[in-house]
Amino acid sequence: MTVNPLITLRNVTKTFGQVTVIQDVTVSVYPGQVQVLLGENGAGKSTLIKMVAGVYQPDGGQILVDGTVTTLPTTKAAEEHGIATIHQELNLVATMSVAENVMLGRMPTKFGMVDRKELRRQARAALALIGLEIDVDTPVGRLGIARQQLVEIAKALSINARVLILDEPTAALTRHETQALFAVMADLRRRGVGMLFISHHLDEIAEVGDTVTVIRDGHFIAEVPASTPEDELVKLMVGRSIEDQFPRRADETPAVTEVLAVSNLTSAGRFDDISFTVRAGEVLGIAGLVGAGRTELIRAIAGADKYDTGSVAVRGTKLPKGDIQAAIRAGIGHVPEDRKGQGLVLDASVNDNLGYATLASSAKLGLADFTGQRTRAEAVAAKLRIRMHTIDQPIRSLSGGNQQKAVFGRWIIAASTVLLLDEPTRGVDVGAKVEIYELMNSITAAGGAIVMVSSELPEILGMSDRILVMRDGRLAGELSAADATQDTVMTLAARDVAAQR
Amino acid sequence: MSTTTTTPSTETPTRRSFDYKTFLANNGALVGLVVLCIALVIATPDFLTGQNLLNIGIQVSTVAVLAFGMTFVIVAGGIDLSVGAVAALSAMASGWFFVSAGLPGWMALIGGLVVGLAAGVINGAANAYGKLPSFIATLAMLSVARGLTLVISDGRPIKTAPEVSFLGGNIGPVPMPIVILVLAAVVASFILNRTVLGRSMYAVGGNAEAARLSGLPVKRIIVTVFALAGLFAALAGLLLAGRLDSAQPQAAAGYELDAIAAVVIGGASLSGGLGKISGTFIGALVLVVIRNGLNLLNVSSFWQQVVIGLVIALAVGADVLRRKTRNS
């Protein structure tokens, strides 16, 4: 192997104020190889990527492009070197069409005006690279989050990138969509494109990667082949071994008390005739493809959206439609899919975020209960091991896993007994994931009931006592934890794959 | 980018010399105000006189009371363009209740406040239930309220009730507007900091959907927020009318922009979720002291507008800078 790397970060260091985020890390991307960057949230992966992308400048060390020391003062400079980034946060203009988004900043023109025909042609060609078939005139905002991400990937690919940075591109994708992406990556690899790939899905590493660079707390830990066993990778990443990635402990003697009963719930165009019950101490997993109506169902049960017919009852008491407060009083706690958009007030403190659900109920004569809230928040933050400097720091500055624990904490303070979890570990690193699973165990052990929607099959299989599979807004089947495998779930979940829209 | 440990080692290095950068970034408006005052003391002997300071106090009272109401709205993520017009309408209605409807003075005063409250409720309902953006809903109210003011008054001033005039008078040496200003500041600050309503405003302005999913009654909160803005506007209108012993049809025209400027100079974010009553008060003082100082220095009122505009741009620029340092 005498191939020169396309880009190398050599002994780079980056500090913000007094915090050293990256210290003396070296990582290279070779042509035709997928370099995996592995580390927990807050380990410094995003900072490293931003140095490659020209967003941050290293405070120490060098950046080499094609073996020559270079600086990348701007993202534009990085782009000129053929470095394209697919960010974790989508970078699309929701109101503009798919074609316009793909070609943003380099629209084809004719006599000074946008050449619509050429625009569509080039955009279709870009989408064809990843086998995405959608109407290029659709406004991007109308697509689901998975499709938006694919559009973003198509956009980056169409800039003829030599180095492609993929920052958790699969976090919001279904298995099928992930496979499509991996096929594209394999194709790019054959064409000599180098890739820097970040993912929290350990199983994807062996599938798509070549070498893995592990970083922890901003330090370089190891470079290992992608075929390294998952246990070993986890150990390198968190600095200790995690015995069980899915530590589900179900009650041996399941309780018979029915806590949540959903009957014939229907909302036109979203879901149709859904009935199920959840018992105390039980985790009910809901699997299905993106767009199968799982999130819509969860939101309807939580009172966040109205539904047409059917009913939701908690411990025998029917809940009014679309009434979040009534649902909360009945013991429901809702951990929404989009943590930043729906779960948290990012500029508010950890303390405030933990207290929103109990702000009114703990108040006296309309006055907020500050001392009580602080006591409760500190207790729950300690119990959930939310890692932070102080409880008054903005929750924005916490890592994804700790932010998610705070959303859980809100419902623990509210003493919720029916938790509705929508993608509870999306964007959460392995260590925090296990903590969240342990939290689910302690909730069910205390007699609580959990409904969990997840697109991660291993999580559904590992943590559910019972699994419902949704397809096209309907219940496609129910599996016991013992019978369920990836295959049985996917057979129920997948329709005619080509018709997936 | 967060460090995920709570080891004691992270606490020791914070004990260092005074961080003037952070202080400046967090108290830009206050520092600006102090610098401004010092400069004016040096520039003109007329600035630091008892009479001038009382004048400043009276002038700031109207702007600040309007801006306190505006602070609620902006913290909750909205904007209220109607406060000036609602102030005028409330004062005019109060005058009409007294002169034409023959109500007792105290009822005319309360009637004026109720009119402001009602206008605010309509703004809030149009925004929360009617789904109109607050910019549009309150722009409409601006026009409606100003129009109604002219209709009621037929374009002429109306004499105010003695109870309203009392608001513009003096208690001993202290002008009543200053007393009202202090009371309004205390009440507004209490609402924002201590009550469930106030804490909810920050949540709604920071992320309305997260607030809703946490069980906060977002629509009711929005209506209450605009109602409070209307009530504070009415109070400001009555203060203004009380000083002149009459409600003027064109009173408080354009004051909504001063109120917004005061809130923004005070460090609130127009995207919601941030803002303080103390900041707004300082922001209002900055505006009024600049005007007062430029008057004392015989600068034409045309140039004053130019200066005010630059100050607003500077203050918001500082705000952007502060946000940048905080997020990195």
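Throughout, read-outs are computed from the coordinates displayed, never taken from laboratory work. Given the structure is predicted, the values throughout are model-derived calculations rather than measurements. All Cβ positions, glycine included, derive from the backbone under ideal geometry; neighbour counts span all protein chains shown.
Give the residue list of trypsin sites (Lys or Arg not before Pro) in the stretch A:283-371 that are DSSP loop and have at most 12 other beta-carbon atoms within 10 angstrom. Write out the running numbers ahead of the final one.
Details: sites: A:294, A:299, A:306, A:315, A:318, A:321, A:329, A:339, A:340, A:364; in loops: A:306, A:315, A:321.
Loop-located and lightly packed - A:306.
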For the residue A:338, residue B:179 Cβ pair and Förster radius 41 Å, calculated FRET efficiency rounded to 0.05 is 0.25
Filtering GluC sites (Glu not before Pro) in the stretch A:31-92 by DSSP loop and by at most 12 other Cβ atoms within 10 Å leaves A:89
quick note, the protein assembly as shown, DSSP beta bridge pairs, % antiparallel (nearest 5) is 60
Expressed in nanometres to one decimal, the distance between label points 7 Å along Cα→Cβ at residue A:118 and residue B:55 is 6.6
In nm, the gap between the two label points placed 7 Å beyond Cα toward Cβ at residue A:275 and residue B:159 is 7.8
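For chain B, which longest stretch is free of loop sites, where a loop site is one of the chymotrypsin sites (Phe, Trp or Tyr not before Pro) that DSSP puts outside H, G, I, E and B and that has at most 15 other Cβ atoms within 10 Å?
Numbers: sites that count: B:18, B:129.
Segment B:130-328 is the longest.
Can you list the GluC sites (Glu not before Pro) in the stretch A:161-263 that are in a DSSP coil and have 14 or fewer other beta carbons within 10 angstrom?
Passing sites in the stretch A:161-263 are A:243, A:252.
Work out the FRET efficiency for residue A:64 and residue B:27 from their Cβ-Cβ distance, taking R0 = 45 Å, and round it to the nearest 0.05. Mind showing how you got there, number by number?
On the way: r = 44 Å, r/R0 = 0.99.
After rounding, the FRET efficiency stands at 0.50.
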Chain B: longest segment with zero exposed trypsin sites (Lys or Arg not before Pro), where exposed means DSSP loop plus at most 16 other C-beta atoms within 10 Å, is residues B:132-328
For chain B, longest principal axis from Cα atoms; helix B:196-206 axis from its Cα atoms; angle between them, nearest 10 degrees, is 70
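Using only the alpha carbons of the stretch A:7-238, what is the convex hull's orientation-averaged projected area in square nanometres?
Result: 13.1 nm².
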With bins of 20 Å, the percent of all Cα-Cα pairs of chain A per bin from 0 is 22, 53, 24, 1
Shape call for the stretch B:47-320, from the Cα gyration tensor axes a ≥ b ≥ c (a/c under 1.5 means rounded, otherwise prolate when a/b beats b/c, else oblate), comes out oblate
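Which length gain, in nm to one decimal place, applies between residue A:361 and residue A:231 when the Cα-Cα distance is subtracted from 0.36 nm times their residue separation? Can you show the working numbers first?
On the way: separation 130, 0.36 × 130 = 46.80 nm, distance 4.48 nm.
Difference between extended and current length: 42.3 nm.
Would you calculate a helix-derived [θ] at 222 nm for the protein assembly as shown, using -39,500 (n - 2.57) for each DSSP H run of n ≥ 4 and dividing by the full residue count, to the nearest 500?
On the way: 30 runs with 395 residues, N = 829.
Estimated from H runs of four or more residues: -15000 deg cm²/dmol.
Where a ≥ b ≥ c are the square roots of the eigenvalues of the C-alpha gyration tensor, would you call the stretch B:41-165 rounded, which needs a/c under 1.5, or, failing that, prolate if a/b is larger than b/c, or oblate? Let's see the in-between values first.
Numbers: a/c = 2.33, a/b = 1.20, b/c = 1.94.
Here the stretch B:41-165 falls in the oblate category.
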Given unit charges at Cβ for Lys, Arg (+) and Asp, Glu (-), the dipole magnitude of chain A about its Cα centre in debye, nearest 20, is 1140
Rounded to the nearest whole number, the Stokes-Einstein translational diffusion coefficient of the stretch B:151-256 at 4 °C and 1.567 mPa s (Kirkwood radius, C-alpha pairs) in µm²/s is 81
